[in-house]
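Q: Take a look at the following structure, please.
The values are calculated or read from the model by the stated rules, or taken from the named source; none is laboratory data. Small disclaimer: the values here were computed from a predicted structure and weren't measured. Using ideal geometry, Cβ is built from the backbone for each residue, glycine included, and neighbour counts are taken over all protein chains shown. Accessible surface is based on the protein model in full, side chains and every heavy atom, while ligands, DNA and RNA are left aside. Shrake-Rupley method; radii C 1.70, N 1.55, O 1.52, S 1.80 Å.
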Amino acid sequence: MYLLAVLFAGCARLPDYPHPTSEVHTQAPPHSPLTDWAEPLLQQHPGQAGLVLLASGTDAFLARLLLAANAHDRLDLQYYLYHQDLTGKVFTWALLQAAERGVRVRLLLDDMATRGADNELRLLNRHPNIDIRLFNPFLRDYPRDMQFLTRYGVSTRRMHNKTMIADNTLAITGGRNIGDEYFDAARNAVVFGDLDVLTLGAVVDDASTEFDRYWNSELAVPVEHVLQDADPHDQQPLNGLSQKLQSWLQSNQQHPYVQALQARAQNLAAHYEPRLFWGKAYVVADAPDKIRSRRYQSPLLGNLLTLLENAQQEVLLVSPYFVPGDEGVAFLAALVARGVKVRVLTNSLASTDVPAVHSAYKHYRTALLRAGVELYELRPDASSGRENRRWTGSSSASLHAKMLVIDQRYFYVGSMNLDPRSIRENTEMGVLFEQAQLGQEASRDLQQNLPFESYHLQLHQGEVRWQELYGDGSVQSYNSEPRASLWRRLQSWLLGVLPLEAEL
(Lines give C-alpha, C1' and ligand atoms only; values in the text may rest on other atoms or scores of the structure.)
Protein backbone atom coordinates (compact mmCIF):
# COMPACT_ATOMS: atom_id res chain seq x y z
CA MET A 1 0.00 0.00 0.00
CA TYR A 2 2.83 2.39 0.83
CA LEU A 3 4.40 1.83 -2.59
CA LEU A 4 1.07 2.53 -4.30
CA ALA A 5 0.67 5.70 -2.26
CA VAL A 6 4.12 6.88 -3.30
CA LEU A 7 3.45 6.10 -6.96
CA PHE A 8 0.18 8.00 -6.93
CA ALA A 9 1.82 10.87 -5.08
CA GLY A 10 4.31 11.05 -7.92
CA CYS A 11 1.52 12.15 -10.21
CA ALA A 12 0.84 15.13 -7.96
CA ARG A 13 1.81 18.61 -8.95
CA LEU A 14 3.12 21.45 -6.87
CA PRO A 15 0.31 23.30 -5.12
CA ASP A 16 -1.05 26.30 -6.94
CA TYR A 17 0.27 29.61 -5.69
CA PRO A 18 -0.23 33.25 -6.65
CA HIS A 19 2.59 33.85 -9.09
CA PRO A 20 4.51 37.03 -8.24
CA THR A 21 4.24 40.08 -10.44
CA SER A 22 6.79 39.99 -13.24
CA GLU A 23 10.02 41.70 -12.28
CA VAL A 24 12.71 42.95 -14.64
CA HIS A 25 16.24 44.11 -14.08
CA THR A 26 17.06 47.76 -13.54
CA GLN A 27 19.52 49.75 -15.59
CA ALA A 28 23.07 50.13 -14.35
CA PRO A 29 23.34 52.71 -11.56
CA PRO A 30 25.03 55.90 -12.80
CA HIS A 31 27.72 55.90 -10.11
CA SER A 32 28.94 52.72 -8.47
CA PRO A 33 32.33 51.03 -8.18
CA LEU A 34 31.47 48.71 -11.06
CA THR A 35 30.05 51.32 -13.44
CA ASP A 36 32.88 53.73 -12.63
CA TRP A 37 35.32 51.02 -13.72
CA ALA A 38 33.41 49.85 -16.77
CA GLU A 39 32.16 53.09 -18.34
CA PRO A 40 35.54 54.60 -19.35
CA LEU A 41 36.49 51.31 -21.00
CA LEU A 42 33.19 51.08 -22.88
CA GLN A 43 33.58 54.67 -24.09
CA GLN A 44 36.93 53.70 -25.63
CA HIS A 45 35.25 50.80 -27.46
CA PRO A 46 31.82 52.06 -28.56
CA GLY A 47 29.38 49.40 -29.68
CA GLN A 48 31.62 46.57 -28.50
CA ALA A 49 31.64 44.14 -25.61
CA GLY A 50 34.60 43.36 -23.41
CA LEU A 51 35.53 39.87 -22.28
CA VAL A 52 38.00 38.57 -19.69
CA LEU A 53 38.82 34.86 -19.65
CA LEU A 54 38.62 33.21 -16.22
CA ALA A 55 40.55 29.98 -16.70
CA SER A 56 41.99 29.83 -13.17
CA GLY A 57 39.58 28.53 -10.56
CA THR A 58 40.97 30.89 -7.92
CA ASP A 59 40.54 33.90 -10.21
CA ALA A 60 37.02 32.78 -11.13
CA PHE A 61 36.03 32.64 -7.48
CA LEU A 62 37.71 35.96 -6.67
CA ALA A 63 35.88 37.59 -9.58
CA ARG A 64 32.56 36.50 -8.06
CA LEU A 65 33.56 37.78 -4.62
CA LEU A 66 34.63 41.12 -6.13
CA LEU A 67 31.30 41.51 -7.92
CA ALA A 68 29.45 40.77 -4.69
CA ALA A 69 31.64 43.18 -2.71
CA ASN A 70 31.31 46.05 -5.20
CA ALA A 71 27.69 45.72 -6.29
CA HIS A 72 25.68 48.82 -5.51
CA ASP A 73 22.14 48.03 -6.62
CA ARG A 74 21.49 44.42 -7.63
CA LEU A 75 22.95 40.92 -7.88
CA ASP A 76 21.21 38.34 -10.07
CA LEU A 77 22.46 34.76 -9.82
CA GLN A 78 21.38 31.61 -11.65
CA TYR A 79 23.02 28.25 -10.88
CA TYR A 80 22.50 24.55 -11.37
CA LEU A 81 24.55 23.45 -8.32
CA TYR A 82 25.32 25.43 -5.17
CA HIS A 83 27.26 23.36 -2.63
CA GLN A 84 27.52 24.15 1.06
CA ASP A 85 31.28 23.55 1.19
CA LEU A 86 34.16 25.94 1.78
CA THR A 87 33.58 28.14 -1.29
CA GLY A 88 29.81 27.83 -0.91
CA LYS A 89 29.98 29.17 2.65
CA VAL A 90 32.28 32.04 1.66
CA PHE A 91 30.03 32.92 -1.27
CA THR A 92 26.88 32.83 0.87
CA TRP A 93 28.57 35.13 3.37
CA ALA A 94 29.50 37.52 0.53
CA LEU A 95 25.87 37.61 -0.67
CA LEU A 96 24.66 38.29 2.86
CA GLN A 97 27.14 41.16 3.20
CA ALA A 98 25.86 42.64 -0.06
CA ALA A 99 22.26 42.32 1.11
CA GLU A 100 23.14 44.06 4.38
CA ARG A 101 24.45 47.02 2.32
CA GLY A 102 21.06 47.28 0.62
CA VAL A 103 21.86 45.32 -2.55
CA ARG A 104 18.88 43.40 -3.94
CA VAL A 105 19.89 39.75 -4.37
CA ARG A 106 17.85 37.48 -6.65
CA LEU A 107 19.04 33.88 -6.42
CA LEU A 108 17.58 31.33 -8.85
CA LEU A 109 18.66 27.75 -8.18
CA ASP A 110 17.79 24.56 -9.91
CA ASP A 111 16.38 22.28 -7.24
CA MET A 112 18.51 19.33 -8.34
CA ALA A 113 21.17 19.62 -5.66
CA THR A 114 19.49 21.48 -2.80
CA ARG A 115 19.10 18.30 -0.73
CA GLY A 116 19.94 19.15 2.87
CA ALA A 117 19.94 22.90 2.23
CA ASP A 118 16.25 23.63 2.82
CA ASN A 119 16.72 25.23 6.23
CA GLU A 120 19.49 27.55 5.04
CA LEU A 121 17.49 28.55 1.95
CA ARG A 122 14.48 29.23 4.15
CA LEU A 123 16.51 31.48 6.45
CA LEU A 124 18.32 33.36 3.70
CA ASN A 125 14.99 34.03 2.03
CA ARG A 126 13.85 35.83 5.20
CA HIS A 127 16.31 38.64 4.51
CA PRO A 128 14.34 41.61 3.14
CA ASN A 129 16.89 42.07 0.33
CA ILE A 130 17.26 38.40 -0.66
CA ASP A 131 14.71 36.63 -2.83
CA ILE A 132 15.23 32.94 -3.67
CA ARG A 133 13.37 30.86 -6.24
CA LEU A 134 13.72 27.17 -7.03
CA PHE A 135 13.47 26.07 -10.63
CA ASN A 136 11.37 22.98 -11.32
CA PRO A 137 11.27 22.12 -7.60
CA PHE A 138 10.85 18.67 -6.15
CA LEU A 139 7.90 17.91 -3.92
CA ARG A 140 8.92 17.91 -0.28
CA ASP A 141 6.39 15.43 1.09
CA TYR A 142 7.92 12.19 -0.19
CA PRO A 143 11.39 10.88 -1.15
CA ARG A 144 13.20 12.92 -3.74
CA ASP A 145 14.94 9.93 -5.31
CA MET A 146 11.58 8.27 -5.92
CA GLN A 147 10.45 11.30 -7.89
CA PHE A 148 12.99 10.57 -10.61
CA LEU A 149 10.81 7.52 -11.33
CA THR A 150 7.32 8.66 -10.44
CA ARG A 151 7.73 12.09 -12.04
CA TYR A 152 9.98 10.92 -14.86
CA GLY A 153 10.19 13.51 -17.60
CA VAL A 154 9.50 16.30 -15.10
CA SER A 155 11.99 15.88 -12.25
CA THR A 156 14.63 14.55 -14.65
CA ARG A 157 14.78 17.75 -16.72
CA ARG A 158 16.81 20.55 -15.19
CA MET A 159 18.01 24.15 -15.52
CA HIS A 160 21.74 23.85 -16.25
CA ASN A 161 22.39 27.62 -16.77
CA LYS A 162 25.13 29.40 -14.85
CA THR A 163 25.43 33.17 -14.59
CA MET A 164 26.07 36.02 -12.13
CA ILE A 165 25.18 39.61 -12.99
CA ALA A 166 26.15 42.67 -10.93
CA ASP A 167 24.40 46.03 -11.36
CA ASN A 168 23.54 45.11 -14.96
CA THR A 169 27.16 46.16 -15.63
CA LEU A 170 29.33 43.04 -15.35
CA ALA A 171 28.39 39.40 -15.79
CA ILE A 172 30.13 36.06 -15.33
CA THR A 173 28.95 33.05 -17.29
CA GLY A 174 30.46 29.75 -18.34
CA GLY A 175 30.75 26.22 -17.02
CA ARG A 176 31.26 26.67 -13.27
CA ASN A 177 28.75 25.95 -10.56
CA ILE A 178 29.33 27.05 -6.96
CA GLY A 179 31.48 24.44 -5.22
CA ASP A 180 35.05 23.63 -4.22
CA GLU A 181 35.79 21.39 -7.20
CA TYR A 182 35.10 24.28 -9.59
CA PHE A 183 37.41 26.77 -7.87
CA ASP A 184 40.54 24.72 -7.16
CA ALA A 185 39.53 24.29 -3.54
CA ALA A 186 38.66 20.58 -3.34
CA ARG A 187 40.79 18.48 -1.00
CA ASN A 188 41.62 14.91 -2.00
CA ALA A 189 39.05 14.97 -4.78
CA VAL A 190 38.76 15.54 -8.49
CA VAL A 191 39.48 19.14 -9.53
CA PHE A 192 37.69 20.40 -12.61
CA GLY A 193 39.46 22.19 -15.43
CA ASP A 194 36.82 24.78 -16.28
CA LEU A 195 36.27 28.12 -17.98
CA ASP A 196 34.17 31.24 -17.34
CA VAL A 197 34.13 34.66 -18.94
CA LEU A 198 33.61 38.06 -17.34
CA THR A 199 31.76 40.36 -19.75
CA LEU A 200 30.83 44.03 -19.94
CA GLY A 201 28.87 46.04 -22.48
CA ALA A 202 25.45 45.55 -24.04
CA VAL A 203 25.83 41.77 -23.78
CA VAL A 204 25.32 42.12 -20.01
CA ASP A 205 21.88 43.65 -20.56
CA ASP A 206 21.10 40.66 -22.79
CA ALA A 207 22.17 38.32 -19.98
CA SER A 208 19.92 40.23 -17.58
CA THR A 209 16.99 39.87 -19.99
CA GLU A 210 17.56 36.12 -20.11
CA PHE A 211 17.72 36.00 -16.33
CA ASP A 212 14.39 37.86 -16.12
CA ARG A 213 12.84 35.35 -18.51
CA TYR A 214 13.75 32.50 -16.15
CA TRP A 215 12.98 34.44 -12.97
CA ASN A 216 9.46 35.23 -14.17
CA SER A 217 8.78 31.73 -15.48
CA GLU A 218 6.07 29.68 -13.79
CA LEU A 219 8.79 27.06 -13.30
CA ALA A 220 10.70 29.40 -10.96
CA VAL A 221 8.79 28.97 -7.71
CA PRO A 222 9.42 31.32 -4.75
CA VAL A 223 11.07 29.29 -2.03
CA GLU A 224 8.36 30.17 0.50
CA HIS A 225 5.85 28.26 -1.64
CA VAL A 226 8.07 25.16 -1.68
CA LEU A 227 9.40 25.17 1.89
CA GLN A 228 7.08 25.76 4.81
CA ASP A 229 8.31 28.53 7.08
CA ALA A 230 6.69 28.78 10.50
CA ASP A 231 7.66 32.42 11.05
CA PRO A 232 9.11 34.12 7.95
CA HIS A 233 9.35 37.46 9.76
CA ASP A 234 11.53 36.22 12.61
CA GLN A 235 15.00 37.56 11.81
CA GLN A 236 16.78 36.01 14.80
CA PRO A 237 17.55 32.64 13.12
CA LEU A 238 18.87 34.51 10.06
CA ASN A 239 21.10 36.62 12.31
CA GLY A 240 22.29 33.40 13.88
CA LEU A 241 23.16 31.99 10.46
CA SER A 242 25.06 35.16 9.58
CA GLN A 243 27.00 35.04 12.85
CA LYS A 244 27.73 31.35 12.33
CA LEU A 245 29.16 32.05 8.87
CA GLN A 246 31.19 34.96 10.24
CA SER A 247 32.63 32.80 13.03
CA TRP A 248 33.38 30.04 10.56
CA LEU A 249 35.30 32.47 8.32
CA GLN A 250 37.28 33.85 11.25
CA SER A 251 38.21 30.38 12.44
CA ASN A 252 39.34 29.41 8.94
CA GLN A 253 41.61 32.38 8.28
CA GLN A 254 44.60 30.04 8.23
CA HIS A 255 43.01 27.61 5.81
CA PRO A 256 45.40 27.19 2.85
CA TYR A 257 42.73 28.10 0.31
CA VAL A 258 41.66 31.21 2.20
CA GLN A 259 45.29 32.27 2.38
CA ALA A 260 45.72 31.55 -1.33
CA LEU A 261 42.70 33.75 -2.06
CA GLN A 262 44.03 36.57 0.08
CA ALA A 263 47.47 36.40 -1.54
CA ARG A 264 45.96 36.36 -5.01
CA ALA A 265 43.65 39.28 -4.17
CA GLN A 266 46.59 41.35 -2.92
CA ASN A 267 48.55 40.54 -6.06
CA LEU A 268 45.62 41.50 -8.27
CA ALA A 269 45.15 44.80 -6.46
CA ALA A 270 48.82 45.70 -6.75
CA HIS A 271 49.91 44.43 -10.15
CA TYR A 272 47.06 43.06 -12.21
CA GLU A 273 45.27 44.68 -15.11
CA PRO A 274 42.62 42.38 -16.55
CA ARG A 275 43.26 41.48 -20.16
CA LEU A 276 40.18 42.51 -22.08
CA PHE A 277 39.28 41.29 -25.54
CA TRP A 278 36.89 43.57 -27.43
CA GLY A 279 34.45 42.53 -30.11
CA LYS A 280 30.88 41.50 -30.80
CA ALA A 281 29.22 39.32 -28.18
CA TYR A 282 25.89 37.54 -28.07
CA VAL A 283 24.05 35.69 -25.32
CA VAL A 284 22.63 32.43 -26.64
CA ALA A 285 20.18 30.62 -24.39
CA ASP A 286 17.32 28.16 -24.28
CA ALA A 287 13.90 29.21 -23.05
CA PRO A 288 12.81 27.88 -19.64
CA ASP A 289 9.88 26.10 -21.29
CA LYS A 290 12.34 23.76 -23.01
CA ILE A 291 11.91 21.32 -20.14
CA ARG A 292 8.17 21.10 -20.89
CA SER A 293 8.49 20.21 -24.57
CA ARG A 294 10.08 17.30 -26.37
CA ARG A 295 9.84 19.21 -29.65
CA TYR A 296 11.72 22.30 -28.51
CA GLN A 297 14.20 23.65 -31.06
CA SER A 298 17.17 25.06 -29.15
CA PRO A 299 18.29 28.47 -30.48
CA LEU A 300 21.61 27.94 -28.73
CA LEU A 301 22.25 24.70 -30.58
CA GLY A 302 20.86 26.18 -33.80
CA ASN A 303 23.25 29.13 -33.71
CA LEU A 304 26.26 26.93 -33.06
CA LEU A 305 25.29 24.48 -35.79
CA THR A 306 24.93 27.34 -38.29
CA LEU A 307 28.42 28.55 -37.46
CA LEU A 308 29.80 25.03 -37.72
CA GLU A 309 28.11 24.46 -41.07
CA ASN A 310 29.85 27.56 -42.36
CA ALA A 311 33.29 26.70 -40.96
CA GLN A 312 36.02 26.96 -43.57
CA GLN A 313 39.28 25.98 -41.91
CA GLU A 314 39.23 24.76 -38.32
CA VAL A 315 36.93 23.65 -35.52
CA LEU A 316 38.13 23.12 -31.95
CA LEU A 317 35.50 21.53 -29.76
CA VAL A 318 35.88 21.04 -26.00
CA SER A 319 33.11 19.10 -24.24
CA PRO A 320 33.59 17.10 -21.03
CA TYR A 321 30.54 14.99 -21.82
CA PHE A 322 30.60 14.16 -25.52
CA VAL A 323 28.01 11.79 -26.98
CA PRO A 324 27.65 12.83 -30.64
CA GLY A 325 25.32 10.05 -31.78
CA ASP A 326 25.29 8.85 -35.37
CA GLU A 327 23.95 12.21 -36.54
CA GLY A 328 26.74 14.12 -34.83
CA VAL A 329 29.39 11.79 -36.24
CA ALA A 330 28.01 12.32 -39.74
CA PHE A 331 27.94 16.10 -39.21
CA LEU A 332 31.60 16.26 -38.11
CA ALA A 333 32.61 13.82 -40.85
CA ALA A 334 31.05 16.12 -43.45
CA LEU A 335 33.12 19.03 -42.14
CA VAL A 336 36.31 17.00 -42.44
CA ALA A 337 35.31 15.81 -45.93
CA ARG A 338 35.24 19.38 -47.21
CA GLY A 339 38.62 20.26 -45.73
CA VAL A 340 37.84 21.56 -42.25
CA LYS A 341 40.25 20.41 -39.55
CA VAL A 342 38.20 19.16 -36.59
CA ARG A 343 39.73 18.57 -33.16
CA VAL A 344 37.73 17.32 -30.17
CA LEU A 345 38.85 17.25 -26.54
CA THR A 346 36.79 15.32 -24.00
CA ASN A 347 37.38 13.29 -20.85
CA SER A 348 39.14 9.95 -20.76
CA LEU A 349 37.63 7.13 -18.75
CA ALA A 350 40.21 7.81 -16.04
CA SER A 351 39.39 11.54 -15.83
CA THR A 352 35.61 11.60 -16.24
CA ASP A 353 33.37 12.13 -13.23
CA VAL A 354 30.43 10.50 -15.04
CA PRO A 355 31.43 7.02 -16.31
CA ALA A 356 27.95 6.50 -17.73
CA VAL A 357 28.51 9.27 -20.29
CA HIS A 358 31.88 7.83 -21.27
CA SER A 359 30.26 4.42 -21.76
CA ALA A 360 28.03 5.96 -24.44
CA TYR A 361 30.73 8.14 -26.01
CA LYS A 362 33.16 5.25 -26.53
CA HIS A 363 30.85 3.65 -29.12
CA TYR A 364 31.52 6.57 -31.49
CA ARG A 365 35.31 6.83 -31.22
CA THR A 366 36.14 4.48 -34.08
CA ALA A 367 33.71 6.16 -36.46
CA LEU A 368 35.03 9.61 -35.57
CA LEU A 369 38.63 8.56 -36.12
CA ARG A 370 37.82 6.87 -39.41
CA ALA A 371 36.14 10.09 -40.56
CA GLY A 372 39.34 12.03 -39.88
CA VAL A 373 38.28 13.79 -36.67
CA GLU A 374 41.27 14.36 -34.35
CA LEU A 375 40.24 13.00 -30.97
CA TYR A 376 41.89 13.78 -27.63
CA GLU A 377 41.02 12.64 -24.11
CA LEU A 378 42.16 14.47 -20.98
CA ARG A 379 44.80 12.75 -18.88
CA PRO A 380 43.93 12.46 -15.17
CA ASP A 381 47.29 14.01 -14.27
CA ALA A 382 46.73 17.10 -16.45
CA SER A 383 47.77 20.32 -14.75
CA SER A 384 45.05 22.55 -16.25
CA GLY A 385 43.07 24.42 -13.62
CA ARG A 386 44.99 22.97 -10.67
CA GLU A 387 47.35 25.67 -9.51
CA ASN A 388 46.75 24.66 -5.87
CA ARG A 389 47.39 20.97 -6.40
CA ARG A 390 50.23 20.97 -3.87
CA TRP A 391 47.93 21.63 -0.94
CA THR A 392 44.65 20.16 -2.15
CA GLY A 393 46.14 16.70 -2.39
CA SER A 394 44.12 16.12 -5.53
CA SER A 395 45.56 13.44 -7.74
CA SER A 396 43.01 13.63 -10.52
CA ALA A 397 41.89 16.28 -12.98
CA SER A 398 38.61 16.24 -14.86
CA LEU A 399 37.50 18.37 -17.78
CA HIS A 400 34.41 20.51 -17.17
CA ALA A 401 34.88 23.43 -19.60
CA LYS A 402 32.56 23.73 -22.59
CA MET A 403 34.18 25.68 -25.42
CA LEU A 404 34.05 26.00 -29.18
CA VAL A 405 36.44 27.87 -31.50
CA ILE A 406 35.56 28.17 -35.19
CA ASP A 407 38.01 29.43 -37.83
CA GLN A 408 39.95 31.23 -35.09
CA ARG A 409 37.20 33.87 -35.21
CA TYR A 410 34.18 32.69 -33.23
CA PHE A 411 34.57 31.72 -29.59
CA TYR A 412 31.81 30.14 -27.51
CA VAL A 413 31.83 29.32 -23.80
CA GLY A 414 28.85 28.24 -21.74
CA SER A 415 27.02 25.44 -19.97
CA MET A 416 26.08 23.19 -22.90
CA ASN A 417 27.76 19.83 -23.42
CA LEU A 418 27.46 17.99 -26.71
CA ASP A 419 25.35 15.16 -25.36
CA PRO A 420 21.64 14.24 -25.49
CA ARG A 421 20.88 15.67 -22.05
CA SER A 422 22.13 19.15 -22.91
CA ILE A 423 20.57 19.11 -26.35
CA ARG A 424 17.14 17.68 -25.49
CA GLU A 425 16.57 17.64 -21.72
CA ASN A 426 18.18 20.54 -19.83
CA THR A 427 18.12 24.27 -20.43
CA GLU A 428 21.50 25.77 -21.36
CA MET A 429 23.12 29.15 -22.01
CA GLY A 430 26.40 30.68 -23.10
CA VAL A 431 28.18 33.61 -24.73
CA LEU A 432 29.27 33.69 -28.34
CA PHE A 433 32.13 36.10 -29.01
CA GLU A 434 33.37 37.23 -32.41
CA GLN A 435 36.97 38.32 -32.02
CA ALA A 436 39.89 37.15 -34.15
CA GLN A 437 42.69 37.66 -31.62
CA LEU A 438 40.89 35.68 -28.93
CA GLY A 439 40.08 32.92 -31.40
CA GLN A 440 43.67 32.74 -32.60
CA GLU A 441 45.11 32.64 -29.08
CA ALA A 442 42.59 30.07 -27.86
CA SER A 443 43.37 27.90 -30.87
CA ARG A 444 47.11 28.24 -30.41
CA ASP A 445 47.05 27.59 -26.66
CA LEU A 446 44.83 24.56 -27.02
CA GLN A 447 46.99 23.06 -29.74
CA GLN A 448 50.15 23.64 -27.70
CA ASN A 449 48.72 22.05 -24.57
CA LEU A 450 46.81 19.15 -26.09
CA PRO A 451 49.85 16.88 -26.63
CA PHE A 452 50.96 17.21 -23.01
CA GLU A 453 47.58 17.32 -21.27
CA SER A 454 45.71 14.59 -23.15
CA TYR A 455 45.92 11.27 -24.92
CA HIS A 456 45.86 11.45 -28.71
CA LEU A 457 43.63 8.69 -30.06
CA GLN A 458 44.52 6.87 -33.27
CA LEU A 459 43.43 3.77 -35.13
CA HIS A 460 45.81 0.86 -35.50
CA GLN A 461 44.49 -2.05 -37.59
CA GLY A 462 40.98 -0.88 -36.82
CA GLU A 463 41.51 -0.70 -33.05
CA VAL A 464 41.71 2.45 -30.92
CA ARG A 465 45.12 3.30 -29.49
CA TRP A 466 46.00 6.03 -26.99
CA GLN A 467 49.25 7.96 -27.49
CA GLU A 468 50.80 9.74 -24.49
CA LEU A 469 53.56 12.26 -25.19
CA TYR A 470 56.18 12.93 -22.51
CA GLY A 471 58.23 16.08 -22.03
CA ASP A 472 61.37 14.45 -23.45
CA GLY A 473 59.58 13.69 -26.70
CA SER A 474 59.07 9.98 -26.05
CA VAL A 475 55.66 8.41 -26.64
CA GLN A 476 53.82 5.71 -24.70
CA SER A 477 51.11 3.77 -26.51
CA TYR A 478 48.17 2.03 -24.82
CA ASN A 479 45.77 -0.47 -26.32
CA SER A 480 43.11 -0.03 -23.61
CA GLU A 481 41.75 2.83 -21.50
CA PRO A 482 44.91 4.26 -19.87
CA ARG A 483 45.09 4.65 -16.09
CA ALA A 484 41.50 3.51 -15.63
CA SER A 485 41.03 1.05 -12.77
CA LEU A 486 39.64 -2.41 -13.35
CA TRP A 487 36.47 -1.42 -11.50
CA ARG A 488 35.98 1.67 -13.68
CA ARG A 489 36.49 -0.39 -16.86
CA LEU A 490 33.96 -2.94 -15.64
CA GLN A 491 31.58 -0.14 -14.75
CA SER A 492 31.97 1.40 -18.21
CA TRP A 493 31.37 -1.94 -19.91
CA LEU A 494 28.22 -2.64 -17.90
CA LEU A 495 26.79 0.85 -18.44
CA GLY A 496 27.66 0.61 -22.12
CA VAL A 497 25.28 -2.31 -22.70
CA LEU A 498 22.34 -0.58 -21.00
CA PRO A 499 19.95 1.61 -23.05
CA LEU A 500 20.90 4.85 -21.29
CA GLU A 501 22.25 7.06 -24.06
CA ALA A 502 19.14 9.21 -24.52
CA GLU A 503 19.29 10.21 -20.83
CA LEU A 504 23.01 11.08 -20.71
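Q: Given the conditions (1) surrounded by fewer than 18 Cβ atoms within 10 Å (Cβ to Cβ); (2) modelled with pLDDT of 90 or more, which single one is not true for residue 278?
A: (1)
Q: Restricting to the range 61-103, what's the tally of residues that are of a type outside the set (A, V, I, L, M, F, W, C), open to solvent by 10 Å² or more (accessible area, probe 1.4 Å) and within 15 Å of residue 182 (Cβ to Cβ)?
A: 6
Q: State all residues of the range 446-503 that are at pLDDT below 90, closer than 30 Å to residue 408 by Cα and among the acidic types (Asp, Glu); if no residue qualifies, say none.
A: 472 - this is the single residue of the range 446-503 that is at pLDDT below 90, closer than 30 Å to residue 408 by Cα and among the acidic types (Asp, Glu).
Q: Another question about this same structure. So which of 115, 122 is part of a loop (DSSP other than H, G, I, E, B) and over 24 Å from residue 213 (Cβ atoms)?
A: Residue meeting the stated conditions: 115.
Q: Find all pairs meeting these conditions: Cβ atoms under 6 angstrom apart; at least six residues apart or on different chains; first residue within the range 93-110 and touching a residue at least 40 places away in the same chain (Cβ under 8 Å) and within 21 Å of residue 216 (Cβ to Cβ); second residue among the charged types (D, E, K, R) and open to solvent by less than 40 Å² (accessible area, probe 1.4 Å).
A: As it stands, the answer is 106/76; 106/131; 108/133; 110/158, since those pairs meet every condition given.
Q: Something else: Condition (residue is in a helix (DSSP H, G or I), of a type in the set (Phe, Trp, Tyr) and surrounded by 20 or more Cβ atoms within 10 Å (Cβ to Cβ)) applied to the range 330-353: is it met by at least one residue?
A: no
Q: Ok, one more. Consider the range 132-180. How many of its residues are touching a His at 6+ places or on another chain (Cβ under 8 Å) and among the acidic types (Asp, Glu)?
A: Count: 2.
Q: Another one. Determine which member of the set 208, 155 is outside any loop (DSSP other than H, G, I, E, B), hydroxyl-bearing (Ser, Thr, Tyr) and crowded, with 19+ Cβ neighbours inside 10 Å.
A: Exactly one residue qualifies, and that residue is 208.
Q: Residues of the range 257-274 being outside any helix (DSSP H, G or I) and either open to solvent by less than 60 Å² (accessible area, probe 1.4 Å) or at pLDDT 85 or above (or both), which ones?
A: Within the range 257-274, just 274 meets the criteria.
Q: Out of 189, 171, 166, 202, which single residue is open to solvent by 10 Å² or more (accessible area, probe 1.4 Å) and in contact with a strand residue (DSSP E or B) (Cβ under 7 Å, 6 or more places away or on another chain)?
A: Answer to the selection: 202.
Q: Pairs, please: C-beta under 8 Å, at least 6 apart or cross-chain, first residue under 11 Å from residue 371 (Cα atoms) and in the range 331-344, second open to solvent by 50 Å² or more (accessible area, probe 1.4 Å) and of a type outside the set (S, T, N, Q)?
A: 331/305
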